[in-house]
Amino acid sequence: MSRLQVVSGKGGTGKTTVAAALALALATEGRRTLLVEVEGRQGIAQLFETEALPYEERKIAVAPGGGEVYALAIDAERALLDYLQMFYKLGAAGRALKKLGAIDFATTIAPGVRDVLLTGKACEAVRRKDGAGRFVYDHVVMDAPPTGRVTRFLNVNDEVAGLARMGPVHHQAQSVMRVIKSPETAVHLVTLLEEMPVQETADGVAELRAAGLPVGDVLVNMVRPRLLDEDAVRAAAGDRRAGVARALAAAGVSGPERLVDPLLAQAAEHARRVELEREQREALAKLRTPVRELPLLGGGVDLAGLYHLARTLRRDLGVSDA
Ligand SMILES: Nc1ncnc2c1ncn2[C@@H]1O[C@H](COP(=O)(O)OP(=O)(O)OP(=O)(O)O)[C@@H](O)[C@H]1O
Ligand SMILES: [Mg+2]
């Protein structure tokens, strides 16, 4: 399993939810994972029903078997201060710089620098070791920007290339790229079984591959249960008025005529959906990546739902259960 797991996908398909479930799934048997968000929207805090995350790694969940999930909302300004501190030992001077507004300048004017700070912080967590030489986090899971922006976001080397050919920013970009382009990293794309997100996933996979970034799995989220078997779906697609009316009467339903049309309409709708989903699964199969499915949870995702999704992922990924 890659140590840096990046989760992207079309907006609203469940990136934050899936990233959180993945962080829980990988935190088995005493392992420790770090779930990071980079867009400053406090989606993780909302999901885990805790107050807004400070710029500080803190434990937000315990996984079955004693694993731990930590979370961090990476903030570009704070990451810049860390970074200045690291390279220039600018403690108090860094804070003064912030007061002067120099940091706003750096983070709003140069998006490439902003991205290298965010990815740099995540990569630092990936590589960090404790006093005994062990990795502090077994896995880092990133709730990343959506498909349309993720390749640029991760390809920081290209972004800062025109900006700085040497010096610490350049070094930082190169060391980030060493982690991100290595087998230590996997970029997963979340999708739904619908035409638009599947198309966006195909485009995203092509773009990531063209940039030499390691494509991980396609994670199909909110998969609805299948209610009818093949025969029933075929039957529902045809006209079965007489047969349905007879079956209802035989089952002792009174006034069966009233029910025939609504029932047939529902069945036909289901048959259409199954057919559309079959087409989308075929399109995803062509991408030559592992495809994993996560169920639609009725009533939305609460904490119990998150643990349920984590169990599904753990089974699928073959992570040993504790
Ligand atoms: N498997 C699921 N079953 C039911 N509801 C889900 C599931 N996954 C996600 N959701 C719900 O879908 C909505 C969007 O999920 P989420 O916020 O994770 O998506 P996102 O891709 O991170 O969105 P954004 O692009 O806004 O960051 C949320 O209300 C979430 O609870
Ligand atoms: Mg999100």
Subject >> Förster radius 30 Å - calculated FRET efficiency between M1 and Q85 (Cβ-Cβ, nearest 0.05) >> reply: 0.40
Subject >> In order through the range 241-250: 3J(HN,Hα) via Karplus (6.51 cos²θ - 1.76 cosθ + 1.60), integer Hz, x for Gly, Pro >> reply: 3, 4, x, 5, 4, 4, 5, 5, 5, 5
Original post:
Where Lys and Arg each count +1 and Asp and Glu each count -1, what net charge lies around R178 among other residues with Cβ under 12 Å from its Cβ?
Top reply: +1
**OP:** Sum up the charges of everything whose Cβ sits under 15 Å from the Cβ of N155, counting Lys and Arg as +1 and Asp and Glu as -1, but leave N155 out.
**Re:** +2
Original post:
What value, in deg cm²/dmol to 500, does the helix sum -39500 (n - 2.57) over DSSP H runs of n ≥ 4 give at 222 nm once divided by the residues of the chain?
Top reply: -16500 deg cm²/dmol
Subject >> Shape category assigned to the range 266-322 from the gyration tensor of Cα positions, a/c cut at 1.5 >> reply: oblate
Subject >> Flagged links, alpha-carbon separation over 23 Å, of K121/K286; K59/K129; K15/K181 >> reply: K121/K286
Original post:
Using the Cβ atoms and a cut-off under 11 Å, what net charge is assigned to the surroundings of L117, where Lys and Arg are +1 and Asp and Glu are -1?
Top reply: -2
Original post:
Within the range 207-241, which trypsin sites (Lys or Arg not before Pro) sit in a loop by DSSP and count at most 13 neighbouring Cβ atoms inside 10 Å?
Top reply: R226
Original post:
Nearest 10 degrees, 0 to 90: what angle lies between the long axis of helix 15-26 and the longest principal axis of the chain (Cα atoms)?
Top reply: 80
Original post:
In whole angstrom, how far apart do the alpha carbon centroids of the range 180-255 and the range 285-312 sit?
Top reply: 12
**OP:** Determine the dipole magnitude for the chain: charges of +1 sit on the beta-carbon of Lys and Arg, -1 on that of Asp and Glu, nothing else is charged, the reference point is the Cα centre, and the result goes in debye to the nearest 20.
**Re:** 740
Original post:
In the range 224-244, which residues have a backbone nitrogen under 20 Å from the label point lying 7 Å from L259's Cα in the Cα-to-Cβ direction?
Top reply: 227-229, 232-233, 235-244
**OP:** Report P(r) for the range 225-287: all Cα-Cα distances, bin width 5 Å, range 0 to the bin holding the largest distance, values in whole percent.
**Re:** 3, 18, 23, 19, 15, 9, 5, 4, 3, 1, 0
Original post:
Stretched out fully, how many nm does the piece from V291 to A247 gain, at 0.36 nm a residue minus the Cα gap?
Top reply: 11.9 nm
Original post:
P(r) tail for the chain, what percent of Cα pairs lie past 29 Å?
Top reply: 46
Original post:
For the chain, modelled as a Gaussian network with Cα springs under 10 Å, which listed residue fluctuates most, V253, V126, V150?
Top reply: V253
Subject >> On Cα atoms only, tilt of 168-180 relative to the major axis of the chain in degrees >> reply: 30
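Each value in this text was obtained by applying a stated rule to the coordinates, not by laboratory testing. This structure is a prediction, so every number in the text was calculated from the model and none was measured. All Cβ positions, even for glycine, are placed from backbone atoms using ideal geometry, and neighbour counts span all protein chains on display.
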